[in-house]
Amino acid sequence: MNAKETAERIRSMEVRGAAEIARQAARALCEEARGYDGDDADGMRQRLMAAREVLLASRPTAISLWNGVQFVLKGMNHQKDGEELRQMVVRNATVFIKRSEEAVALIGRNGANRLKEGDHVMTHCNSQAALSVITTAQRQGKNIKAFATESRPWRQGILTANQLSKAGVDVTLIVDSAVRHVMKDMDAVVVGADTIASNGAVINKIGTSQLALAAHEARVPFYVCAETFKFSPRTMMGEMVEIEERDSLEVVKPGEVPSSVRVFNPVFDATPPEYIDSIITEIGVVPPYAAYEIIVREFGQESIFTE
């Protein structure tokens, strides 16, 4: 699938989840390189850069997409031969996809160590990293009881409930507005992340910050599950994370409200680090304030993706 088709699937929410979005983008760049007719390195570079812009525009908030695209194209400007450039892109894409898929299993094992027998665990949206923690704990025989928010307006909680049920987890689906009411009965909250800033703030599906606030009030541990490629080296340089706003038709149908009524439909919100107990990554469980150190470790003092 080429970059244009992949970008449309990302934009239309057919492809969901920050990690899967990044993997699909890596595959698209791989196909663009393979599909280029000829061995002209400059021509292939132009095609790949055009594909890069199309993919990045499809989901501006998810740093995983940016990091994935940059990883796949790392070193592109140093290739003089078209075939070598093609092989480099394919090799980089393969490494990124394999690493990202392995990260989910590692996060699952690391996070499951934070859960105990019979724990009641709340989750939000449809994070594969967060689900890996719950299902891994369940496979360990801990008899987890999961509570999944509906996660409107796209109701990704339906996907979560189905996946957890299929994995043998006792799961209850709750409406988003029931979060505070249910929180007092929880033992932990596990959520994913689209982007983690250098100060430890987490950008994730709208409503995540409300879970964090309710968990803080109820003294329930709040864990963010995220691969290290979700950490943003761009925020080290002061760049703000863009919060995407989507079409009002996701919230109301045509004619349901007068045209004078405005609809605000942000996809993400920011959870401050003081409401986050730990970030569970493939390299270990860390406090949110370690985000800066992780970015330096993974990407260098100056992003390794900078050409």
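So for the range 208-217 (the condition being more than 29 Å from GLU298 (Cβ to Cβ), in a helix (DSSP H, G or I) and out of contact with any helix residue (DSSP H, G or I) (no Cβ under 8 Å at 6 or more places or on another chain)), does at least one residue qualify? No, the range 208-217 contains no residue that is more than 29 Å from GLU298 (Cβ to Cβ), in a helix (DSSP H, G or I) and out of contact with any helix residue (DSSP H, G or I) (no Cβ under 8 Å at 6 or more places or on another chain).
Can you list the helices (runs of 4 or more DSSP H) found entirely within the range 3-121 that contain at least 2 residues being of a type in the set (S, T, N, Q) and buried (at least 17 other Cβ atoms within 10 Å of the Cβ)? Correct list: 63-73, 82-112. Scanning the range 139-155 for residues that are closer than 13 Å to GLY118 by Cα and either free of Cβ contacts under 8 Å to residues at least 12 places away in the same chain or surrounded by fewer than 21 Cβ atoms within 10 Å (Cβ to Cβ) (or both) turns up ARG139, GLN140, GLY141, LYS142, ASN143, LYS145.
If I ask for residues that are buried (at least 24 other Cβ atoms within 10 Å of the Cβ) and over 14 Å from the mean Cα position of the chain (by Cα), which ones from the range 124-136 would you list? VAL133, ILE134 - these are the residues of the range 124-136 that are buried (at least 24 other Cβ atoms within 10 Å of the Cβ) and over 14 Å from the mean Cα position of the chain (by Cα). Inspection of the range 98-116 finds a residue satisfying the criterion of being out of contact with any Ser or Thr (no Cβ under 8 Å at 6 or more places or on another chain), under 28 Å from LYS184 (Cβ atoms), among the charged types (D, E, K, R) and not assigned by TED's automatic domain parsing to the domain that holds MET13. Criterion applied to GLU250, GLU239 was being within 26 Å of LEU131 (Cβ to Cβ) and of a type in the set (Asp, Glu), and the one residue passing it is GLU250.
Residues that are surrounded by 21 or more Cβ atoms within 10 Å (Cβ to Cβ) and of a type in the set (S, T, N, Q) occur in the range 206-213; there is at least one. Within the option set ILE243, ILE203, ILE304, ILE294, being among the β-branched types (Val, Ile, Thr) and at pLDDT 95 or above holds for one residue only, ILE203.
One residue alone among ILE196, ILE158 is among the β-branched types (Val, Ile, Thr), within 27 Å of ARG11 (Cα to Cα), surrounded by fewer than 21 Cβ atoms within 10 Å (Cβ to Cβ) and touching a strand residue (DSSP E or B) at 6+ places or on another chain (Cβ under 9 Å), and that residue is ILE158. Taking the range 153-171 as the range and being of a type in the set (Ser, Thr, Tyr) and under 18 Å from the mean Cα position of the chain (by Cα) as the test, only THR160 passes. Filtering the range 179-198 to residues that are assigned to a helix (DSSP H, G or I) and touching a residue at least 24 places away in the same chain (Cβ under 8 Å) leaves VAL179, ARG180, VAL182, MET183. For the range 234-269, residues that are surrounded by fewer than 16 Cβ atoms within 10 Å (Cβ to Cβ) and assigned to a strand (DSSP E or B) total 2.
The values are calculated or read from the model by the stated rules, or taken from the named source; none is laboratory data. Computed from a prediction, not measured in an experiment: that's the story for all the values here. Don't worry about glycine lacking a Cβ; one is built from the backbone with ideal geometry, like all the others, and counts go over all protein chains shown.
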